[in-house]
Amino acid sequence: MRIVCLISGGGTNLQALIDWQANDLLGDAKIVAVISNAAAAPGLGVANNAAIPTGTVSHDDFPNRSAFDHALIKLINTHEPDLVVLAGFMRILTGDFVAHYDGRLINIHPSLLPKYKGLNTHRRALEAGDNYAGATVHWVTSELDAGDIIRQVEVPIMREDTEETLNARVLDAEYTLYPSVIRDLSLGLIKC
Ligand code: GAR
């Protein structure tokens, strides 16, 4: 299963995927390319360190979302992916993009969806006084963070938590959740 990862920032989830792959834990999945919408994304360095081909399609270079998404599709498709993995990719994708990869596009989101779609998930969970936060891997559809849920993991919220401490605990859970879902998809244990 050829995987293209899309990133925008730190790439710590990408690092987790690379670590699982390096330890032969990623099933039949192989990360064949990492593409960013920001040339300065530290995640590109993570990919370079693992000798994974990288590319950048900078959203600033395009007049609108549609033109950007079509350039992104063109570059992604040069790598012939079976699965496109959003790993901290912080751009909203057009319906055209989502339709093009229907059934081949997944995302990880830092909340227990359907709670807290969009941004500032940890702040909202803390403000609501929730006892649990978490992360969700889901299929991507044209409605933001609303596609079918593949798997979720809960993490407890501690009384003394700040956004930063909660973010760190959720990220830590993501580093097992995302690779395990991708492994199971590649082994046919989850249906595409
Ligand atoms: C992760 O927490 C991921 O769930 C979140 O961004 C972070 C990326 O971290 N994604 C979203 O909020 C998507 N809407 P990373 O770049 O270090 O992997």
Check: How many of the residues in segment 173-192 are under 14 Å from the mean Cα position of the chain (by Cα) and surrounded by 15 or more Cβ atoms within 10 Å (Cβ to Cβ)?
Finding: 9
Next item on the list: Identify, from the list 13, 48, the residue that is more than 16 Å from the chain's Cα centre (by Cα), of a type outside the set (Val, Ile, Thr) and assigned to a helix (DSSP H, G or I).
Entry: 48
Next item on the list: Search segment 68-88 for residues that are within 18 Å of residue 108 (Cβ to Cβ) and pair each with any residue that is open to solvent by 40 Å² or more (accessible area, probe 1.4 Å) and of a type in the set (Gly, Ala, Ser) when their beta-carbon atoms are under 7 Å apart and the residues are at least 6 apart or on different chains.
Entry: 88/10
Checklist line | Flag if residue 141 is touching a residue at least 12 places away in the same chain (Cβ under 8 Å), surrounded by 13 or more Cβ atoms within 10 Å (Cβ to Cβ) and more than 12 Å from residue 112 (Cβ to Cβ) | finding: yes
Next item on the list: List every residue pair whose Cβ atoms lie under 8 Å apart, where the two residues are 6 or more positions apart in sequence or sit on different chains, the first residue falls within segment 36-51 and is within 18 Å of residue 93 (Cα to Cα) and at pLDDT 95 or above, and the second residue, located anywhere, is charged (D, E, K, R) and within 11 Å of the ligand (Cβ to nearest atom).
Entry: 37/91
Next item on the list: Taking residue 134 as the residue in question, decide whether it is touching a Cys at 6+ places or on another chain (Cβ under 7 Å), in contact (Cβ under 8 Å) with a residue 24 or more places away in the chain and farther than 23 Å from residue 36 by Cβ.
Entry: no
Check: Among the listed residues 173, 99, 87, 125, which satisfies the condition of being farther than 29 Å from residue 28 by Cβ and either modelled with pLDDT of 95 or more or touching a helix residue (DSSP H, G or I) at 6+ places or on another chain (Cβ under 8 Å) (or both)?
Finding: 125
Notebook entry, point to check: For segment 84-95, does any single residue satisfy the condition of being farther than 24 Å from residue 119 by Cβ and part of a loop (DSSP other than H, G, I, E, B)?
Noted result: no
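So that you can scan it fast, the table gives a plain yes or no per residue for (1) open to solvent by 20 Å² or more (accessible area, probe 1.4 Å); (2) in a helix (DSSP H, G or I); (3) within 12 Å of the ligand (Cβ to nearest atom):
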| site | (1), (2), (3) |
| --- | --- |
| 19 | yes, yes, no |
| 40 | yes, no, no |
| 55 | no, no, no |
| 63 | yes, no, no |
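The values are calculated or read from the model by the stated rules, or taken from the named source; none is laboratory data. None of the values given here were measured: they were computed from a predicted structure. Glycine gets a Cβ as well: all are built from the backbone with ideal geometry, and neighbour counts include every protein chain shown. We work out accessible area using only protein heavy atoms, side chains counted, and drop any ligands, DNA or RNA first. Shrake-Rupley method; radii C 1.70, N 1.55, O 1.52, S 1.80 Å.
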